Amino acid sequence: MKPSFVYIMASQKNGTLYVGVTSNLIQRATAHRHGLVPGFTARYGVKYLVYWEYHADIREAIIAEKRWKKRRRVIKVHMIERVNPTWRDLYDDLLK
């Protein structure tokens, strides 16, 4: 069982959102920040980590990611603002 994370990246406050899953949140967030992940996030400038949640097992994280992706945007925004009301980039917190 590999610990994993579901995360949400944003282009800015109330901007474009991206939901993903990874077993290495620092590496993945770094790749998004620097546009190293081709496709949607690079195209829309989605580079700020605004939400993440820990899962003890990658299988749980994948199920949670699918659930997040099905949620309406308003629910995603509400959850982000519940834990991160200013939409602060949480990337630096990972490095501490």
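Computed from the coordinates by the stated procedures, all read-outs in this text should not be read as laboratory data. Everything numeric in this text was worked out from a predicted model, so none of it was measured. When we count neighbours, we look across all protein chains shown, and the Cβ atoms used for this are built from the backbone with ideal geometry, even at glycine.
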Exercise. Mind checking the log10 I(q)/I(0) for the chain at q = 0.12 Å⁻¹? Debye, one equal scatterer per Cα, no solvent, two decimals.
Worked result: -0.33
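Taking neighbour counts of Cβ atoms within 10 Å as a proxy for exposure, in what order, fewest first, do 78, 55 appear?
78, 55
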Problem set entry | Relative exposure of 96, 13, judged by other C-beta atoms within 10 Å (fewest first) | 96, 13
For this session: Taking a cut-off of 14 Å between Cα atoms, list the aspartates and glutamates near residue 47, but don't count ones fewer than 8 places away on the same chain.
Result: 89, 92
Problem set entry | Compactness of segment 29-78, expressed as Rg and Dmax over alpha-carbon positions, Å | 12.5, 31
